[in-house]
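As structure tokens, the structure follows; a few thoughts come after it.
The values are calculated or read from the model by the stated rules, or taken from the named source; none is laboratory data. Note that the coordinates shown come from a computational prediction; the quantities given were computed from them, not determined experimentally. In this analysis, Cβ positions are derived from the backbone assuming ideal geometry, glycine residues included, and neighbour counts consider all displayed protein chains.
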Amino acid sequence: MSGIDDIATASLLAANRIRDHVVRTPLERSAAFSDELQADVFFKLENLQTTGSFKLRGATNRLLTLSDDERARGCVAASSGNHGAAVACAMQALGVKGVVFVPEQTSTVKVDAIRSYGGDVRFFGSDGLDTERHARTFAIEHGMTYLSPYNDDQVIAGQGSCGAEIVEQLPDLDAIFIAVGGGGLISGVGSVLKKHNPGIRIYGCQPTASAVMTKSIEAGEILDIPSEPTLSDGTAGGIEEGSVTFPLNQAIVDEFVLVGEDEIAAAMRLYMQCERQVIEGAAGVAVAAMLASREKIRGQKVVAIICGGNISEQKLSQVQAGEW
């Protein structure tokens with residue numbers, strides 16, 4: 001699969017398939033941000049999705065496309081938190097057993113979330129890419145199915161169901177800002193939006209501290225480079241070799257926007273103050289990138305995906321106090 005048209009079509013099928021298992025999240029106009037940016041600004045509230053992030057879409061779609069034999073043998077996932085919680089939730093709902101590997105530094109709130117859905121959490125590695133490699137090996141050795149957080153057509157199609165909803169909710173949008181880690185969300189949503197209207201501008205948003213996709217696109221190949229600590233732990237880490245998201249991001253993303261930690265924290269504070277909702281760092285990246293692009297989007301109808309709301313109390317306190 002893996003072409004824009006193919007992923008867009010698969011995303012529409014996924015939206016149908018997972019309809020009874022996920023929340024159709026609101027797309028709400030923000031008066032405060034519209035005034036601030038002199039644009040028509042909307043937020044797609046995936047922080048209100050079950051498990052607190054968009055990841056449930058891809059995990060559920062992938063599990064529903066497994067054969068009975070694959071479900072019986074169980075699944076393995078690797079995650080910095082949100083994908084793990086989504087996989088655990090979907091496995092619990094569908095009666096599938098499995099293991100979720102997370103990097104050693106994964107936030108306690110995200111580990112607790114995985115365990116709250118009955119997930120068997122195991123720690124490995126300091127970088128998300130290390131964890132993914134280990135999880136893949138474990139799956140092969142134990143005859144289980146590996147559920148990638150992004151490097152899987154059906155996971156990408158599941159995330160693309162978010163784009164299918166956006167098209168129905170706001171068909172005439174001009175631009176969208178989406179946080180990028182491994183690139184699954186922007187691959188799915190971007191494919192749907194580009195098929196709907198090739199003129200929609202897709203902004204890929206990353207923290208400067210972990211801009212692996214941006215730098216890889218610039219280099220024309222997936223780079224194995226280290227990441228620094230970032231508020232956006234949900235997008236941090238490397239990209240798996242040969243990931244199907246890389247060529248999709250090359251084709252779909254019109255512009256990458258990098259933002260610093262101060263910008264992310266400030267954007268989170270402004271959002272939480274204006275919209276009265278707690279968001280995590282990855283969502284703050286999309287908001288910060290939108291704020292940094294104000295000159296380019298003035299007068300336009302713009303969407304930013306609030307991809308998640310899972311953040312530890314300690315990190316939230318640091319952000320609110322301006323101490324990050």
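What number goes with the only condition from (1) farther than 25 Å from residue 163 by Cβ; (2) surrounded by fewer than 24 Cβ atoms within 10 Å (Cβ to Cβ); (3) in contact with a His (Cβ under 8 Å, 6 or more places away or on another chain) that residue 76 does not pass?
Only one criterion is unmet by residue 76, namely (2).
Just a yes or no: is a residue in region 124-144 over 21 Å from residue 236 (Cβ atoms), within 17 Å of the chain's Cα centre (by Cα) and outside the structural domain of residue 244 (by TED's automatic domain parsing)?
no
Go over the candidates 109, 96 one by one and state the one that is more than 17 Å from residue 234 (Cβ to Cβ) and either part of a strand (DSSP E or B) or in contact with a helix residue (DSSP H, G or I) (Cβ under 8 Å, 6 or more places away or on another chain) (or both).
None of the other options fit; the residue is 96.
I'd like to check something: does region 191-204 contain any residue that is hydroxyl-bearing (Ser, Thr, Tyr), assigned by TED's automatic domain parsing to the domain that holds residue 280, more than 25 Å from residue 301 (Cβ to Cβ) and in contact with a strand residue (DSSP E or B) (Cβ under 7 Å, 6 or more places away or on another chain)? Walk me through it before giving the result.
Just the residues of region 191-204 that are hydroxyl-bearing (Ser, Thr, Tyr), to begin with: 191, 203.
Next, from what is left, pick out any that are assigned by TED's automatic domain parsing to the domain that holds residue 280: 191, 203.
Cutting the leftovers down to more than 25 Å from residue 301 (Cβ to Cβ) gives us none.
The answer is no, given that none of the residues of region 191-204 is hydroxyl-bearing (Ser, Thr, Tyr), assigned by TED's automatic domain parsing to the domain that holds residue 280, more than 25 Å from residue 301 (Cβ to Cβ) and in contact with a strand residue (DSSP E or B) (Cβ under 7 Å, 6 or more places away or on another chain).
Inside region 61-93, can you point out the residues that are in a loop (DSSP other than H, G, I, E, B) and either assigned by TED's automatic domain parsing to the domain that holds residue 19 or at negative phi (or both)?
65, 66, 67, 79, 80
Of all residues in region 14-28 being of a type in the set (Lys, Arg) and assigned to a loop (DSSP other than H, G, I, E, B), which is farthest from residue 50 (Cα to Cα)?
Here is the first cut: in region 14-28, the ones of a type in the set (Lys, Arg) are 17, 19, 24.
With assigned to a loop (DSSP other than H, G, I, E, B) added as a condition, the list becomes 19, 24.
Numbers: 19: 13, 24: 10 Å.
Only one residue tops the list, namely 19.
Filtering region 51-92 down to residues that are of a type in the set (Ser, Thr, Tyr) and touching an Asp or Glu at 6+ places or on another chain (Cβ under 8 Å), which residue is nearest to residue 23 (Cα to Cα)?
53
Within region 197-227, which residues are of a type outside the set (A, V, I, L, M, F, W, C) and surrounded by 18 or more Cβ atoms within 10 Å (Cβ to Cβ)?
Restricting attention to region 197-227, the residues satisfying the condition of being of a type outside the set (A, V, I, L, M, F, W, C) are 197-199, 201, 203-204, 206-208, 210, 214-216, 218, 220-221, 224, 226-227.
The answer is 201, 203, 204, 206, 207, 210, 214, 216, 227.
Among the listed residues 122, 115, 136, which satisfies the condition of being part of a strand (DSSP E or B) and either without any contact (Cβ under 8 Å) to a residue 40 or more places away in the chain or within 14 Å of residue 79 (Cβ to Cβ) (or both)? Before you say what the answer is, go through the steps one by one.
On the way: 115 fails: part of a strand (DSSP E or B); 136 fails: part of a strand (DSSP E or B).
Just a single option satisfies the conditions, and that option is 122.
Within region 211-226, can you find the residues that are hydroxyl-bearing (Ser, Thr, Tyr) and within 22 Å of residue 55 (Cα to Cα)?
Once the filter is applied, which keeps residues that are hydroxyl-bearing (Ser, Thr, Tyr) and within 22 Å of residue 55 (Cα to Cα), region 211-226 yields only 214.
Please verify whether region 16-26 includes one or more residues that are of a type in the set (D, E, K, R), under 18 Å from the mean Cα position of the chain (by Cα), modelled with pLDDT of 95 or more and surrounded by fewer than 22 Cβ atoms within 10 Å (Cβ to Cβ). Walk me through how you get there before you give the answer.
Restricting attention to region 16-26, the residues satisfying the condition of being of a type in the set (D, E, K, R) are 17, 19-20, 24.
Pick out the ones that are also under 18 Å from the mean Cα position of the chain (by Cα) and you get 24.
Next, only the ones that are modelled with pLDDT of 95 or more stay: 24.
Next, only the ones that are surrounded by fewer than 22 Cβ atoms within 10 Å (Cβ to Cβ) stay: 24.
Yes, some residue in region 16-26 is of a type in the set (D, E, K, R), under 18 Å from the mean Cα position of the chain (by Cα), modelled with pLDDT of 95 or more and surrounded by fewer than 22 Cβ atoms within 10 Å (Cβ to Cβ).
Can you confirm whether region 239-262 contains a residue that is farther than 25 Å from residue 148 by Cα and assigned to a helix (DSSP H, G or I)?
Yes, region 239-262 contains at least one residue that is farther than 25 Å from residue 148 by Cα and assigned to a helix (DSSP H, G or I).
Which condition does residue 58 not pass, out of (1) among the small types (Gly, Ala, Ser); (2) part of a strand (DSSP E or B); (3) within 30 Å of residue 297 (Cα to Cα), if it passes all the others?
Every listed condition holds for residue 58 apart from (2).
Are any residues in region 282-314 in a helix (DSSP H, G or I) and of a type in the set (A, V, I, L, M), and if so, which ones?
If the condition is that a residue be in a helix (DSSP H, G or I) and of a type in the set (A, V, I, L, M), then 282, 283, 285, 286, 287, 288, 289, 290, 291, 292, 297 are the ones that fit.
Which pairs do you get when a residue that is free of Cβ contacts under 8 Å to residues at least 12 places away in the same chain, found in region 55-74, comes within reach of a residue that is surrounded by fewer than 24 Cβ atoms within 10 Å (Cβ to Cβ) and not basic (Lys, Arg), reach meaning Cβ atoms under 9 angstrom, with the pair 6+ apart or on two chains?
Final answer for the pair search is 72/96.
Would you point out the residue of region 273-295, among those that are in contact (Cβ under 8 Å) with a residue 40 or more places away in the chain and surrounded by fewer than 17 Cβ atoms within 10 Å (Cβ to Cβ), that is nearest to residue 106 (Cα to Cα)?
If we take residues in region 273-295 being in contact (Cβ under 8 Å) with a residue 40 or more places away in the chain and surrounded by fewer than 17 Cβ atoms within 10 Å (Cβ to Cβ), then 277 is nearest to residue 106 (Cα to Cα).
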